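Notes to accompany the following structure.
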Amino acid sequence: MGSTLLVIGIDEAGRGPLIGDMFVAAVGLHSNDLKVLEDAGVDDSKRLSPSLRFKLFNIIIGYSRYIFIKRFTPDVIDSNNINSLFIDALISAIKTAYALGFKPSIIYVDSTSNREKIINCLQNVVCDGTTLVVEYKADQKYIAVAAASIIAKVLRDSYISHLRGIYGDFGSGYPSDPTTIEWVEDYFRSSKALPPIVRKSWRTVKRFRGSQKSLEDYR
């Protein structure tokens, strides 16, 4: 099962939104399959259309030797530091790969702002024989990370679509989106509470709930 040619890429989707879960994905690929995926169009998920992401999602699934997914709901995000949650997911993804018998030659991680902390936390997790690469915008540099970004993004988008079927159109879910802000404000005004899909610890919501002023004031 294991292979010294295995390359693992790890990325997340949904770190910054006001609404919905964060998904972290790790994808393990044999190095000789990376060029195949690159030729198929695998790239940073933010550079791709939804339809192309979905097409590539299925191709990546077909070529992957290992896929790990961890999902963090808004209530978990509210109760923890989101950067620490991301690191916890990284540790789980790497430990699980080793436990299953995989021996990656390289693990690429798309870094957040706390790159040094990520490296320090993973140094004792990564086994001898595995090179750890933690870089900003790794999803634009390494096919394995781009593949992970697509897996995480498609899963999050699918779940967000499911939530829209329940709650209606709340826009993109980001605090910079006027549709999202209006939806949260209207929901709070009519229900005197916020639904479980909203991250209540986000600054926009904390300010709004504290003052009960219009969210328009904080955009």
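The values are calculated or read from the model by the stated rules, or taken from the named source; none is laboratory data. What you see is a predicted model; the values in this text were computed from it and never measured. Neighbour counts are summed over all protein chains in view; Cβ atoms, including those assigned to glycine, are modelled from backbone coordinates with ideal geometry.
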State whether the residues of the stretch 153-174 include one that is surrounded by 20 or more Cβ atoms within 10 Å (Cβ to Cβ) and at positive phi. yes
Output the number of residues of the stretch 38-65 satisfying the condition of being closer than 17 Å to residue 8 by Cβ and touching a Leu at 6+ places or on another chain (Cβ under 7 Å). 5
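Within the group 10, 19, which residue is closer than 25 Å to residue 171 by Cβ, surrounded by 15 or more Cβ atoms within 10 Å (Cβ to Cβ) and of a type in the set (A, V, I, L, M, F, W, C)? Steps first, please.
Working: 10 fails: closer than 25 Å to residue 171 by Cβ.
Just one listed residue meets the conditions, 19.
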Is the stretch 30-44 home to any residue that is closer than 30 Å to residue 198 by Cβ, surrounded by fewer than 14 Cβ atoms within 10 Å (Cβ to Cβ), of a type outside the set (Ser, Thr, Tyr) and at pLDDT 95 or above? no
When you look at residue 53, is it assigned to a helix (DSSP H, G or I) and not hydrophobic (A, V, I, L, M, F, W, C), yes or no? yes
